[in-house]
Amino acid sequence: MSEVWLRGVQGTIPNGDRGGRKRIQNQSQGRCSSTVAMSATATAVGADPKLLSVREEMKKAGGLAALVVPTSDPHILECPPAHQKRREFISGFTGTAGTAVITPEKAALWTDGRYFLQAADELGPDWTLMKAGTPDCPTEL
């Protein structure tokens, strides 16, 4: 296990373990966003303790409007070490391309067509999948 810190939020990511998730190939439906269906193990929308902790830290920091969590690490390595995988830690998405944006009310993950199905499988019920490159999908903040 590798320990990950996202300012005020601590947790672990198993090294090499994808939680029994399988890599799947793109079969995009062409829609910009989709709210991920709730898994059998999820309790309720809004119950993700990591998101709740991040949002609390955002309040403490003066009421930040949004937190952007990119895939890259501070050194822009192609394959960041496990302790730098902040986007994977906060969202659960294990693909190599994507950006998470967390606001006080919503959490969204932008990724490209290679990862639409994988992201839909891995994101929890509190996340919205933004399908980059599809019609009407915003590309800039």
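The values are calculated or read from the model by the stated rules, or taken from the named source; none is laboratory data. Owing to the predicted nature of the structure, the values given are computational and were not obtained by experimental measurement. Virtual Cβ from ideal backbone geometry, glycine too; neighbours counted across all protein chains shown. Ligands, DNA and RNA are stripped out before the accessible areas are found, and what is left, the full protein with its side chains, is counted by its heavy atoms. Shrake-Rupley method; radii C 1.70, N 1.55, O 1.52, S 1.80 Å.
Please go through region 104-117 and pick out each residue that is over 14 Å from residue 69 (Cβ atoms), crowded, with 22+ Cβ neighbours inside 10 Å and touching a Lys or Arg at 6+ places or on another chain (Cβ under 9 Å).
Of region 104-117, the ones over 14 Å from residue 69 (Cβ atoms) are 104-105, 112-117.
When the remaining residues are screened for being crowded, with 22+ Cβ neighbours inside 10 Å, the result is 115-116.
Across region 104-117, the qualifying residue is only 116.
Report yes if residue 71 is touching a helix residue (DSSP H, G or I) at 6+ places or on another chain (Cβ under 6 Å) and polar (S, T, N, Q), otherwise no.
Values: touching a helix residue (DSSP H, G or I) at 6+ places or on another chain (Cβ under 6 Å): yes; polar (S, T, N, Q): yes.
In short, yes.
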Exercise. Going by the conditions given, is residue 41 touching a Ser or Thr at 6+ places or on another chain (Cβ under 6 Å), at pLDDT below 55 and either within 17 Å of residue 121 (Cα to Cα) or surrounded by 11 or more Cβ atoms within 10 Å (Cβ to Cβ) (or both)?
Worked result: no
For this session: Check whether at least one residue in region 123-133 is touching a Cys at 6+ places or on another chain (Cβ under 7 Å) and open to solvent by 10 Å² or more (accessible area, probe 1.4 Å), and report yes or no.
Result: yes
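Please go through region 74-131 and pick out each residue that is part of a helix (DSSP H, G or I) and touching a Ser or Thr at 6+ places or on another chain (Cβ under 7 Å).
Here is the first cut: in region 74-131, the residues part of a helix (DSSP H, G or I) are 82-84, 86-91, 113-122.
Result: 82, 83, 87, 88, 113, 116, 119, 120, 122.
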Exercise. Do you know which of the residues in region 50-61 that are open to solvent by 70 Å² or more (accessible area, probe 1.4 Å) and more than 17 Å from the chain's Cα centre (by Cα) is farthest from residue 124 (Cα to Cα)?
Worked result: 60
Problem set entry | Residue in region 72-103 that is most open to solvent (accessible area, probe 1.4 Å), counting only those that are at pLDDT 85 or above and more than 17 Å from residue 50 (Cβ to Cβ) | 96
Exercise. Quick one: is residue 54 touching a strand residue (DSSP E or B) at 6+ places or on another chain (Cβ under 9 Å) and assigned to a helix (DSSP H, G or I)?
Worked result: yes
